[in-house]
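Presented below is the structure to which this report refers.
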């Protein structure tokens, strides 16, 4: 198996991972806008500086959570919705996103089809907790797993943006309803995994 063939096989997975990174970064940009409004600093630069004083997305969300919990200008439904958003991110999405972006991967040949197909899977013998976490999930093609992360990130990103618009221009934008979460992919078995061979 040549490097060119392997790169070509990985390209679809790379597209999904790239989209996940793009939407995650956009989501956190919208969270930063919410933070700036909630802390009600007289200087926008101060809010931005506080938000970016840490390199950790998780710590940034903790700052937003604490600010939301004590902000007197928020109504109870507004506070509940922002915390609901943060809970959706911190409950599972952040772990899934980290698994996808930080897991080592291997190439395997799926020989269950008439024409052998090269797939990308988390490296089975890796000691990486991220790879082990992905391997516990049931999927037929890893892109299906990545797509579910993208759908959830996109949904939460739109909700965060809509809440920001409602806060900054309430006369124009009404407070959004909580969005329905994307339906999880149906459980799939790893079809024919016993006949796959790791590509060299």
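Summary of values
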quantity	calculated
Residue match in segment 69-84 (condition: closer than 24 Å to residue 21 by Cβ, surrounded by fewer than 16 Cβ atoms within 10 Å (Cβ to Cβ) and touching a helix residue (DSSP H, G or I) at 6+ places or on another chain (Cβ under 7 Å))	no
Residue that is farthest from residue 65 (Cα to Cα), among those in segment 1-20 that are out of contact with any helix residue (DSSP H, G or I) (no Cβ under 7 Å at 6 or more places or on another chain) and surrounded by 14 or more Cβ atoms within 10 Å (Cβ to Cβ)	6
Residue in segment 98-117 that is at pLDDT below 95 and more than 29 Å from residue 11 (Cα to Cα) present	no
First in segment 165-190 and modelled with pLDDT of 95 or more, second anywhere and part of a loop (DSSP other than H, G, I, E, B) and surrounded by 14 or more Cβ atoms within 10 Å (Cβ to Cβ), Cβ under 6 Å, 6 or more apart	165/173; 166/173; 166/175
Of all residues making up segment 127-140, the number that are free of Cβ contacts under 8 Å to residues at least 40 places away in the same chain and closer than 22 Å to residue 181 by Cβ	4
Flag if residue 27 is in contact with a helix residue (DSSP H, G or I) (Cβ under 6 Å, 6 or more places away or on another chain), closer than 16 Å to residue 156 by Cα and either in contact (Cβ under 8 Å) with a residue 24 or more places away in the chain or surrounded by fewer than 17 Cβ atoms within 10 Å (Cβ to Cβ) (or both)	yes
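The values are calculated or read from the model by the stated rules, or taken from the named source; none is laboratory data. In this text the structure is predicted, and so the values were computed from the model without any measurement. Note that we place each Cβ from the backbone using ideal geometry, even for glycine, and neighbour counts take in every protein chain shown.
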